[in-house]
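Shown next, in structure tokens, is the structure this report addresses.
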Amino acid sequence: EADIYQTPRYLVIGTGKKITLECSQTMGHDKMYWYQQDPGMELHLIHYSYGVNSTEKGDLSSESTVSRIRTEHFPLTLESARPSHTSQYLCASSEYQTGADTQYFGPGTRLTVL
Amino acid sequence: ELKVEQNPLFLSMQEGKNYTIYCNYSTTSDRLYWYRQDPGKSLESLFVLLSNGAVKQEGRLMASLDTKARLSTLHITAAVHDLSATYFCAGTTQGGSEKLVFGKGTKLTVNP
């Protein structure tokens with residue numbers, strides 16, 4: 001079973017605030033990902049990392065930034081939150097095994113920006 | 001650019017019935033994944049299909065892959081209420097990339 005954690009689970013914050021969404025995994029996976037998912041919609045990749053000090057932007061343009069200083073930790077930061085950032089943010093990690101790179105997802109952070 | 005389309009997007013069925021969810025993708029995908037998401041929850045991995053003709057089964061769910069048709073199916077046999085969830089398929093871009101491209105999901109409701 002995957003061990004990937006996200007905090008906070010729910011966050012309601014005012015416009016203009018700086019926020020950091022935390023994601024940690026205890027499986028030693030090199031690859032980690034952040035997705036954005038609006039209610040009832042598909043997931044969109046916003047950032048990914050293939051290892052320490054490696055970060056890349058995903059397919060969906062995002063005003064957030066990420067860092068990967070430790071293998072187990074992949075935080076996402078919004079410098080100035082806006083109502084358009086209201087969404088669910090899902091973190092995932094993966095490791096290549098037996099021909100596949102199955103991603104394991106955390107429980108998500110549901111963000112509301114007022 | 002890989003695009004993934006699922007249909008139907010909404011599916012309401014009775015317990016005990018069979019049905020199939022379809023996942024079409026636009027370009028070659030190295031692998032095809034199926035995930036389940038319960039309301040307000042995260043995604044749970046169901047199947048990964050690696051090659052043409054691959055078939056995997058778990059309980060009442062069976063997934064298959066036809067790479068020539070660029071089609072994967074998720075077949076539900078004798079549905080039960082516990083299967084109510086949203087099911088996503090996802091492909092990977094060619095070249096061994098681990099970036100997943102998701103379909104819009106199929107919201108399945110199984111009625112007693």
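The values are calculated or read from the model by the stated rules, or taken from the named source; none is laboratory data. Here the structure is a predicted model, which means the values were calculated and not measured. Cβ: placed from backbone, ideal geometry, glycine included. Neighbour counts: every protein chain shown. Surface accessibility is based on the protein's heavy atoms, side chains included, excluding ligands, DNA and RNA. Shrake-Rupley method; radii C 1.70, N 1.55, O 1.52, S 1.80 Å.
Can you pull out every residue in region A:1-55 that is under 11 Å from the mean Cα position of the chain (by Cα), farther than 27 Å from B:THR106 by Cβ and among the hydroxyl-bearing types (Ser, Thr, Tyr)? Result: A:TYR5, A:THR7, A:THR20, A:SER24, A:SER49. Report the residue count in region A:91-105 for those that are among the aliphatic types (A, V, I, L, M) and either more than 12 Å from the chain's Cα centre (by Cα) or part of a loop (DSSP other than H, G, I, E, B) (or both). Count: 1. Here A:GLY14 meets the list (1) loosely packed, with under 14 Cβ neighbours inside 10 Å; (2) within 14 Å of chain B (Cβ to nearest Cβ); (3) modelled with pLDDT of 95 or more almost entirely, failing just condition (2). Selection of region B:34-46 for residues being at pLDDT below 95 and more than 12 Å from B:GLY105 (Cα to Cα) yields B:PRO39, B:GLY40, B:LYS41, B:SER42, B:GLU44, B:SER45. A Cβ distance below 6 Å, combined with a sequence gap of six or more or placement on separate chains, defines the contacts here; from region B:5-25, residues that are under 13 Å from B:LEU108 (Cα atoms) reach residues that are exposed (fewer than 15 other Cβ atoms within 10 Å of the Cβ) and aliphatic (A, V, I, L, M) in the pairs B:GLU15/B:VAL80.
For region A:58-70, a residue qualifies if it is within 23 Å of A:GLY16 (Cβ to Cβ) and either of a type outside the set (Asp, Glu) or modelled with pLDDT of 95 or more (or both), and the qualifying residues are A:LEU60, A:SER61, A:SER62, A:SER64, A:THR65, A:VAL66, A:SER67. Restricting the search to region A:34-58, which residues are open to solvent by 40 Å² or more (accessible area, probe 1.4 Å) and under 22 Å from B:ARG36 (Cα atoms)? A:ASP38, A:PRO39, A:GLY40, A:MET41, A:HIS44, listed by residue number. Of everything listed in (1) touching a residue at least 12 places away in the same chain (Cβ under 8 Å); (2) more than 9 Å from every other protein chain (Cβ to nearest Cβ); (3) open to solvent by 70 Å² or more (accessible area, probe 1.4 Å), the single unmet condition for A:SER80 is (3). Scanning region B:26-59 for residues that are in contact (Cβ under 8 Å) with a residue 12 or more places away in the chain and on the phi > 0 side of the Ramachandran plot turns up just one, B:GLY53. Taken over region A:17-33, the criterion of being closer than 17 Å to A:THR65 by Cβ, open to solvent by less than 40 Å² (accessible area, probe 1.4 Å) and not aliphatic (A, V, I, L, M) is satisfied by A:CYS23, A:TYR33.
Any idea how many residues of region A:92-110 are open to solvent by less than 30 Å² (accessible area, probe 1.4 Å) and either in contact with a Leu (Cβ under 8 Å, 6 or more places away or on another chain) or at the interface with chain B (Cβ under 9 Å from one of its Cβ atoms) (or both)?
Taking region A:92-110 as the starting set, the residues that turn out to be open to solvent by less than 30 Å² (accessible area, probe 1.4 Å) are A:92-94, A:99-103, A:105-106, A:108-109.
Then keep just the ones that are either in contact with a Leu (Cβ under 8 Å, 6 or more places away or on another chain) or at the interface with chain B (Cβ under 9 Å from one of its Cβ atoms) (or both); that gives A:92, A:94, A:99-103, A:105-106, A:108-109.
The qualifying residues number 11.
Among the residues of region B:68-93, those that are more than 14 Å from chain A (Cβ to nearest Cβ) and either within 15 Å of A:TYR35 (Cα to Cα) or touching a residue at least 60 places away in the same chain (Cβ under 8 Å) (or both) comprise B:ILE76, B:ALA78, B:ALA79, B:VAL80, B:HIS81.
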